[in-house]
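Novice: Take a look at the following structure, please.
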Amino acid sequence: MQVPENEEIMKSQKESAGIFYKILRLFTVVYPGEALTAFLLMFNVYLLFMAYYIIKPVRDALMLEQWPPEIKSYLSAAIAVMLIFVVKIFSSIASKFPRQKLITWVTLFFISNLGLFYVLYLVGVGPGAMGIIFFIWVGIFNLIVVAQFWGFANDLYTEEEGKRLFPLIAFGATFGGYAGGKITDRLVVPIGEFQLMLVAGGILGICILLTWIIHQREIKRVEAKTVKADQKKAFGEKEQEKPLEKGGAFRLVFKTRYLLYIAFFVLMMNFINTNGVYMLDTVAKDAAVKAIESGTAGALDEGQFLTKFFAGFYNIQNLFAMFVQLFIVSRIFRWFGVRVAIFFLPALALGGYFFISFGAFLVLVKWVKALENGTDYSLMNTTRHSLFLITSREEKYKAQAVTKTFFHRSGDVLSAFTVFLGVTFLAFNVEKFAVSNVVLVVIWIFLGILIFREHKKLSEKRVLSPGE
């Protein structure tokens, strides 16, 4: 008996997926033919976040070793202003290059910067100046490269596919963050902080190669699914490889209520989170000074002590994030949906800062921030990117980039202003900053309700008008 053609295709796809299909289907719903691309994307973002978490503890240590914690808040505000111009440049470049070339050139630019920082270290640039420059650079780097990765992932999948596969792909980010923290903890003493920058640059180079492999694989997959040759050419070349249309990223956000709500939701989220970072920096700085003065730090200087502290802190948050990403996120998406998933992190933050307001000792602040960040980098990170699955191709790249960069960093501006007022005029201690965060979380939850309503309307409209 002759086997129907579609069954033959599915059988062939299962066989070609092999071990990846069998492993990935244990954690989420994966259909034949999806496993290898999902695994490659997961590995790509794994390496991306590994590189980021190699340099992130170095950034924090360089700053706190030379400057008080308030300076980090003020510099974050400066980054937000700079991102206005960075986003415009990124938007212009995105309109001129296909997606795979866009990611390649942007990533190569950041790799060259890491080499330049190492050269500046060799010629003797002071650690104080280097800390400021590197902090600003990392603030731009991590937002741009992450935004363009998720724009790429959004471009590959439909809404239904993204809901199933994004939790799995995002697990690579949390696992990569954990691996990067472990690498930094092990290598910071043997090779030094600045040599770690070169390690991160090499890892980013592998990410470029993976992007091209994924792109070429998906082009072939789309062509294989296309029946007519002219349709194959039109979709494969004109849609998948053509540059984005011209137009400003800010205009896209401000003309659509749904995108604007997401932008302000992200702004408020980072406002609250950055306030929490200031609290953690303050108690960590005090702990480092006391450890050096009392001799409990051993042979470590303050910079190495802080680098190891933050590497350990990031390991805790990323271990928690991995657990949530692997065992909880897909189930929340399946049982409650993307719209309900918005509210889990605000609820956790509300309880955490409520407890800190009664007493901000190091262990409590460390664990509250680790759990908050872990939930952010797993559940909330996947949720934010999934919210863009129902948007247009232009919005996936440009609107997501401006949301992840400018609006994200605008939360830092508000945080810097809050820290300045609290430290300079109001004599706020860490506990009082925690109280202010409790109030802000309530506003954050209200913005989540607005997104819930708009997402429901847009989803219903897509169901009624599937051809649009």
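The values are calculated or read from the model by the stated rules, or taken from the named source; none is laboratory data. For clarity, every value in this text was computed on a predicted model and none was experimentally measured. Here the Cβ positions follow ideal geometry from the backbone for every residue, glycine too, while neighbour counts run over all protein chains shown.
Novice: If I filter the stretch 419-433 down to residues being in a helix (DSSP H, G or I) and more than 20 Å from Phe358 (Cβ to Cβ), which single residue comes out as farthest from the chain's Cα centre (by Cα)?
Specialist: Thr424
Novice: Scan the stretch 355-364 and give yes if some residue there is in contact (Cβ under 8 Å) with a residue 40 or more places away in the chain and under 17 Å from Asn270 (Cα atoms), otherwise no.
Specialist: Looking through the stretch 355-364, none of the residues is in contact (Cβ under 8 Å) with a residue 40 or more places away in the chain and under 17 Å from Asn270 (Cα atoms).
Novice: Suppose the filter is in contact (Cβ under 8 Å) with a residue 60 or more places away in the chain, buried (at least 20 other Cβ atoms within 10 Å of the Cβ) and under 30 Å from Leu210 (Cα atoms); does Tyr118 pass it?
Specialist: Taking the combined requirement at face value, the residue does not satisfy it.
Novice: Please count how many residues of the stretch 130-150 are farther than 15 Å from Ile79 by Cα and touching a Leu at 6+ places or on another chain (Cβ under 9 Å).
Specialist: Result for the stretch 130-150: 5.
Novice: With Phe27, Phe85, Phe117 as the choices, which residue is under 30 Å from Leu187 (Cα atoms) and either within 23 Å of the chain's Cα centre (by Cα) or modelled with pLDDT of 80 or more (or both)?
Specialist: Among Phe27, Phe85, Phe117, only Phe117 is under 30 Å from Leu187 (Cα atoms) and either within 23 Å of the chain's Cα centre (by Cα) or modelled with pLDDT of 80 or more (or both).
Novice: Also, quick follow-up: For the stretch 164-213, give me each residue that is not aromatic (Phe, Trp, Tyr) and not in a helix (DSSP H, G or I).
Specialist: Gly192, Glu193
Novice: I've got another one for you. Can you tell me which residue among Lys246, Lys220, Lys242, Lys233 is among the basic types (Lys, Arg), at pLDDT below 65 and part of a helix (DSSP H, G or I)?
Specialist: Lys233
Novice: Against the definition (on the phi < 0 side of the Ramachandran plot, crowded, with 18+ Cβ neighbours inside 10 Å and acidic (Asp, Glu)), how does Glu193 come out, yes or no?
Specialist: Criteria met by Glu193.
Novice: To continue, here is another question. Does the stretch 42-82 hold any residues that are touching a Gly at 6+ places or on another chain (Cβ under 8 Å) and among the polar types (S, T, N, Q), and which are they?
Specialist: If the condition is that a residue be touching a Gly at 6+ places or on another chain (Cβ under 8 Å) and among the polar types (S, T, N, Q), then Asn44, Gln66, Ser76 are the ones that fit.
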